[in-house]
Structures are given as C-alpha cells and as structure tokens.
Amino acid sequence: MKKLMFLVGLFFIFILIAPVTSHAIGFEAAIGGWNQSPQGDLSYELVTGDDSIDLEKDLKYDDIFGITARLKVDMPLILPNVYIMSTPTKFDGKGSKSVDFNFGDVSFTQDVEFDSEVTLNNYDVALYYGIPFLKTASLGKANVDVGINVRIYDFQAKISQGILEESESFTFPVPMVFLAAQLKPIDIFAVEAEVRGISYDENQVYSLIGRLKVKVFGPLFAAGGYRYDKIKFDTEDVEADITLSGPFIEAGFAF
C-alpha cells in the first residue's frame, strides 16, 4: 500500500504542475472489498513432485475478504489516461502434508502441522487511450480503451514447523496489455469489463474484471462484479500456479 500511495502522490504532483486547466481532467476513485478464493500450488527449489504445496489441500487456505482501491484519471489533449489499482493479498493458516517435503533448503516432516503465510500484494499502473471517436459516435454510451499496464508483485512465502523455518520474498514487475470497455445505456447504469494480461515462455499473468455500476447521487456510485486473476511464474527458484477469484463490491465517485 505504501508503494501505491507513493505513486499516487507523484501523479498528483504532476497534475498540479501540468499546464492544463482542472476542468479538462476527469477523475474516478473507488474503494471496496474482494472475496478472494485461492486455488493452485507453489514450491521453492522444487526437486520432486512432493515438494509442490497445494494452497487448499496442504496449506488449508480459506477465502479472504481483501480491501481494494483504484484511481482513474482522464487526461486532456494527447496525454495518456492513467489507471492505478492496489490489491493487497495475504493468506495464512495451519496446514499439514501427508509426505515429507522440502521448501527451500529445509525439509519438513509429514503429518506434522505447520504454519504458513503467502503474500501476493500487487499494484497496477496503466497508461491508455480511448479508441478515437467511438464515444462521440455512440453519444457517450460506449467506449473502448487500449494501453499498457505494469503490475508490480510483492511476493512472500514462509513455512515454519517447530524450530524449522524457511521463507523467500521478492518484488517483480510484469508488463501487460490493457483492454477495457464501457457500455452506458442510461445515465445511472453502466457495464464495464477490464482485461490485463501477458503470456511468455511458461509464464502467464492475466486479470479479468466485470463490473456493474449504478449512480447513487451526484458523483457518487456503487458497483459490484467478479474478478478472476491467474498468475503462473518461475522466478527466484519459486514456481507458482495460482488463481484468485470471487465477487467484489465497491463505492466511489466520478466527475
């Protein structure tokens, strides 16, 4: 979250010093909660199949309700629009595994309970443009955005069993394609979809968001929808194939 606030701060400094008038800039900000259901597995310095740890079966992770925040700024003239989003994600619990397994340089014993934590905080920064004239031609009822997105992951995994403990953490950026569409049949209601994704070698990272938004009063709105995230990577001897999915709700303002 600190990294997100730093990025937001830098952006607002830019807004203040940019030679544009305030009425030429549009804002949308929202905060909400996402019910994240985890699936998949991970390993650290994988040697055999027994070293792969299942998030549900072995780590016994349940759904969590995580706070999310996002900020969109529609820029004037030829400047790209900006979309910043923060998604904190942290699971912890007590688990067990029916076979001995290695995590990093430590060997853990079968059928003995262990504690674990897995953090997958991520922060998105997208620069994008709307398809020219589409919004005007549709009388403001439809729009499609195209751009690039950089997602920064803060990853950490830790397992402890008695006096034994092993952990690994690192931060890595993922460049992604950004696509979004908005359909607004009436002034108080909108349907939105967002896609962020990339696939290279055996790595895959993508995020799908569907949102229904209702205008409540003035600039205030309420929204709900569904989000599906997939992350598959092999970095720093950590192999992970994880999905996070579930419904979300949010409230915000736009002007």
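The values are calculated or read from the model by the stated rules, or taken from the named source; none is laboratory data. Being a predicted model, the structure only gives us computed values, none of them experimental. Backbone-built Cβ (ideal geometry, glycine too); neighbour counts: all protein chains shown.
Odds and ends about this structure:
- Filter result for the condition that a residue is more than 22 Å from residue 39 (Cα to Cα) and surrounded by 14 or more Cβ atoms within 10 Å (Cβ to Cβ), over 164, 220: 164
- All of 51, 74, 105 fail the test of being of a type in the set (Asp, Glu), more than 20 Å from the chain's Cα centre (by Cα) and buried (at least 19 other Cβ atoms within 10 Å of the Cβ), apart from 51.
- Residue 170 vs. criteria assigned to a strand (DSSP E or B) and over 30 Å from residue 44 (Cβ atoms): no
- Inter-residue pairs, beta-carbon under 6 Å, first in a strand (DSSP E or B) and in the stretch 130-149, second surrounded by 15 or more Cβ atoms within 10 Å (Cβ to Cβ) and of a type in the set (S, T, N, Q), 6+ apart: 130/143; 143/182
- If you go through the stretch 77-94 and pick out every residue that is buried (at least 20 other Cβ atoms within 10 Å of the Cβ) and under 23 Å from residue 235 (Cβ atoms), you end up with 5.
- Within the stretch 114-137, considering residues that are modelled with pLDDT of 95 or more and of a type in the set (A, V, I, L, M, F, W, C), the one surrounded by the fewest Cβ atoms within 10 Å (Cβ to Cβ): 127
- All conditions but one from (1) in contact with a Lys or Arg (Cβ under 9 Å, 6 or more places away or on another chain); (2) assigned to a strand (DSSP E or B) apply to residue 195; the one that does not is (1).
- Residue in the stretch 34-42 that is in a strand (DSSP E or B), out of contact with any Leu (no Cβ under 9 Å at 6 or more places or on another chain), more than 20 Å from residue 205 (Cβ to Cβ) and modelled with pLDDT of 95 or more present: yes
Residues are listed down the side, and each one gets a yes or a no for (1) surrounded by fewer than 18 Cβ atoms within 10 Å (Cβ to Cβ); (2) part of a strand (DSSP E or B); (3) within 17 Å of the chain's Cα centre (by Cα):
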residue	(1), (2), (3)
211	no, yes, yes
214	yes, yes, no
231	no, yes, yes
249	yes, yes, yes
252	no, yes, no
